[in-house]
1. Among E30, E63, E47, E22, which is the only one that is at pLDDT below 75, of a type in the set (D, E) and not assigned by TED's automatic domain parsing to the domain that holds A99?
2. Of everything in region 18-41, what is part of a loop (DSSP other than H, G, I, E, B), within 14 Å of Y52 (Cβ to Cβ) and among the β-branched types (V, I, T)? Give them in sequence order.
3. Would you check which residues across region 103-114 are without any contact (Cβ under 8 Å) to a residue 12 or more places away in the chain and either assigned to a helix (DSSP H, G or I) or within 16 Å of N81 (Cβ to Cβ) (or both) and list them?
4. So which pairs qualify, if the first residue must be in region 115-132 and on the phi < 0 side of the Ramachandran plot and touching a residue at least 24 places away in the same chain (Cβ under 8 Å), the second must be part of a helix (DSSP H, G or I) and of a type in the set (D, E), the Cβ gap must be under 7 Å, and the two must be at least 6 apart or on different chains?
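The values are calculated or read from the model by the stated rules, or taken from the named source; none is laboratory data. None of the values given here were measured: they were computed from a predicted structure. Please note: Cβ atoms are built from the backbone with ideal geometry, for glycine as well, and neighbour counts cover all protein chains shown.
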Amino acid sequence: MRIDDQPITLITIPISDPMAKEILGVETDEELIVLDKNSDGVIDYEEACRHYIVDFDYFCRSEPLSQHFTVTNNLFERFWNSMDQIIAHDDVIEQSVWASAVTDVDIFANMTEEQIMTQFDLHDMNDDMIVTADEARHVFYHAENA
């Protein structure tokens, strides 16, 4: 559909446009005003999406949420993220929950509990009873020197 030889997209539709009601599938000016959440006189993609599809940022944000789609090939990040993130919150793991946190980590799969706790001691470089992501990263990349 075109208005004045300009293509219409759901990016911006002025509510003053005579075709706006037809394009947006509403019957009254009041319905257009309700759609225009920020009262700027234009229905943008986010406003239309939140009205017609779902009021959910994942689908309707004007700016992409690219940080949610970051893929990493970093070996340490895959290792650290394979730990139970409910237990390993804020990039730290306390000694009391280390064995539970590493349950699904492949490199610990065939270790006894004693061996797993020895790994904790190795990773806890400053002996504060907490393994931080930085300590684990250091051991991960320098295991032969740790």
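1. Result of the check over E30, E63, E47, E22: E63.
2. Correct list: V26 only.
3. Answer for region 103-114, where residues must be without any contact (Cβ under 8 Å) to a residue 12 or more places away in the chain and either assigned to a helix (DSSP H, G or I) or within 16 Å of N81 (Cβ to Cβ) (or both): F108, E114.
4. As it stands, the answer is D124/E135; T132/D91, since those pairs meet every condition given.
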